[in-house]
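Taking it in order: structure first as structure tokens, then the write-up.
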Amino acid sequence: MRLFVADQTGDDVDDLSELTSGGGPVVRLSAPDLQRAMRRTAMIHADAHDVAVILDLAVVVPGDYRVGTSGETVHYAGTVAGLTGLIADIDSAGVADGVALIPGTAVDADDLRKLGRDVLRLLADRDRKSA
């Protein structure tokens, strides 16, 4: 599972920083729900097998649960542990090859990177426990 964080609020792949060491070409995907994201990921993979599909995921964690109501992006509001579980589920269900954490509210870029690193640590802990 590849993990990115938004550097800016645009839709361009260049607006993202990767926290994992994935490498290779990516296609950024925005979808209103996980089912549509999964269908779009399958269509993209059918046309281009060598790209990783990165799903935009608007996140808000403790401190401010106000989430924008855009119908174009999957949203998550909750705890870091819950976000980690959602990302693990996205991976195991094949919804996308990775996610891009984008702010659901005004969040400092450094805070978003810290959140991403916390998620990666918790994902690694989950992997160790299941091994």
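Every number in this text was worked out from the coordinates using simple rules, so none of it is lab data. Note that the structure is predicted; figures quoted are calculated from it, not measured. Don't worry about glycine lacking a Cβ; one is built from the backbone with ideal geometry, like all the others, and counts go over all protein chains shown.
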| query | Residue separation times 0.36 nm, minus the C-alpha to C-alpha distance between D127 and T79: what's the value? | reply | 15.4 nm
| message | Using 0.36 nm times the number of residues separating R36 and D110, minus their current alpha carbon distance, what extension gain do you get? | response | 23.6 nm
| field | Label point distance in nm, D91-D7, each placed 7 Å from Cα along Cα→Cβ | value | 2.4 nm
| Residues with amide H under 5 Å of V74's amide H, sequence separation 5 or more or different chain, H placed in the peptide plane at 1.01 Å from N; which? | A31, A58
| Selection from A93, V107, H75, by position along the positive dipole direction of the chain (Cβ) | A93
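Is the chain best put as rounded, prolate or oblate by its Cα gyration tensor, with a ≥ b ≥ c the root eigenvalues, rounded for a/c under 1.5, and otherwise prolate when a/b is larger than b/c, oblate when not? Walk me through the numbers on the way to the answer.
Working: a/c = 1.42, a/b = 1.15, b/c = 1.23.
In terms of gyration-tensor shape, rounded.
Just how large is the dipole of segment 88-131 about the Cα centre, in debye to the nearest 20, putting +1 at every Lys and Arg Cβ and -1 at every Asp and Glu Cβ? Walk me through the intermediate numbers first.
On the way: 7 positive and 9 negative charges, 42 e Å.
For this selection, approximately 200 debye.
Quick one: T79, T73, fewest Cβ neighbours within 10 Å first, how do they rank? The partial results should precede the final answer.
Numbers: T79 11, T73 21.
Listed from fewest to most nearby Cβ atoms, that is T79, T73.
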